[in-house]
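The values are calculated or read from the model by the stated rules, or taken from the named source; none is laboratory data. Note that the structure is a prediction, hence the values are computed from the model and not measured. Here the Cβ is made from the backbone with ideal geometry for all residues, glycine too, and neighbour counts use every protein chain on show.
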């Protein structure tokens, strides 16, 4: 068979040569000369990282839109604090179940196509959320957002990892994950301001439109150099899928990284949903000040911490043991600072220690996710990321908003409810630290 056509039996790179190159070049490069530079940029590692980082920002902006509009939603839809927690948990429940499925689907279908479809679905559902009239309608749309975001969050890191060497993955993924605090912070700031001036419905409408436009750029992305390994890794049966899961779980690095990330996600998920409301209800801040201040702290600390963590990991050589030690040390230092931020009454002190705690906590994100993708072969990366997503949300930020909301609604109150956050951070630190020096 002709190896250029890429038919069955071809395992060589599909690079046109000879007559085939002469025939294809006019169509590929001269049909749309203005689009060629942008296309070539998106085909490479830098373009892929830039686009996926921008979309990760949008991903987290969309994910935490609810946090800045809790009060108007409660007033408009008659929702309790527990029901608001269920809105977040419904999204995450669908998201965590769909993530491993997309990890498996990526071995048969085009990952850029799956990404584009997922982004389009979540953005359309977010836009539609601005027109709901009942809590059930909003619940169903937030669940649909979870399906779309599952495609992106599972496939994005795997695509980036394929474009970079193991030594550079921590730095690349730190840039990717730096979008998390920026998107989260923009969500708090924008949702509070938009809701105040144009109502809570405008928040969802503004959050949905950009993704509908950016989804089409994902179609210009290319599979990374290790994509050929993905093609041969399609699990043809349940037995093969079980074998893949056993391979992933057999990695001590994967297990410890996932346990620590689960505890981190429990803490951050609860903090992201409830901190502005906590500052308003318990500390007496205005809703706008609480959302804006928390947002500014998260974006500043997140940028400094995430990029700083990636630089530190690279300086330490980028090895998994060094990355885990770095993550555990930073999280251990962040735990008492988070507790101080929750129980101090002085406004300046709260903002200061919260900034320090968030900076240290976010320093773990690039290195620990590099540990995850380095812990498994290239053909299992998407599956491993999907399994990790399932675990960290099933036991992390799916239950945490509901648990803390339920405790806050009970006679225990907010003081005891929020104590679970530093406790989870301590567990995260302990999960990462013991791996130092393990073979």
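Residues of segment 217-231 include at least one that is surrounded by 16 or more Cβ atoms within 10 Å (Cβ to Cβ), over 30 Å from residue 350 (Cα atoms) and modelled with pLDDT of 80 or more.
Can you spot a residue in segment 154-166 that is in contact with a helix residue (DSSP H, G or I) (Cβ under 7 Å, 6 or more places away or on another chain) and modelled with pLDDT of 85 or more? No, segment 154-166 contains no residue that is in contact with a helix residue (DSSP H, G or I) (Cβ under 7 Å, 6 or more places away or on another chain) and modelled with pLDDT of 85 or more.
Residue 361 fulfils the conditions (1) under 25 Å from residue 80 (Cβ atoms); (2) surrounded by 24 or more Cβ atoms within 10 Å (Cβ to Cβ) except for a single criterion, (1). Filtering 57, 136 for residues that are under 30 Å from residue 174 (Cα atoms) and part of a helix (DSSP H, G or I) leaves a single hit, 57. The set of residues in segment 88-122 that are buried (at least 24 other Cβ atoms within 10 Å of the Cβ), closer than 21 Å to residue 202 by Cα and at pLDDT 75 or above comprises 91, 119, 122. Of all residues in segment 95-124, those satisfying the criterion of being touching a helix residue (DSSP H, G or I) at 6+ places or on another chain (Cβ under 8 Å) and not in a helix (DSSP H, G or I) are 106, 107. Please determine whether any residue of segment 312-321 is modelled with pLDDT of 90 or more and assigned to a helix (DSSP H, G or I). Taking every residue of segment 312-321 in turn, at least one turns out to be modelled with pLDDT of 90 or more and assigned to a helix (DSSP H, G or I).
Go through (1) in a helix (DSSP H, G or I); (2) within 21 Å of residue 202 (Cβ to Cβ) for residue 131 and report which single condition fails. Among (1) in a helix (DSSP H, G or I); (2) within 21 Å of residue 202 (Cβ to Cβ), the lone unmet condition for residue 131 is (1).
Taking the stated definitions as given, is residue 174 surrounded by fewer than 24 Cβ atoms within 10 Å (Cβ to Cβ) and farther than 23 Å from residue 212 by Cα?
On the way: surrounded by fewer than 24 Cβ atoms within 10 Å (Cβ to Cβ): no; farther than 23 Å from residue 212 by Cα: yes.
It is false that residue 174 is surrounded by fewer than 24 Cβ atoms within 10 Å (Cβ to Cβ) and farther than 23 Å from residue 212 by Cα.
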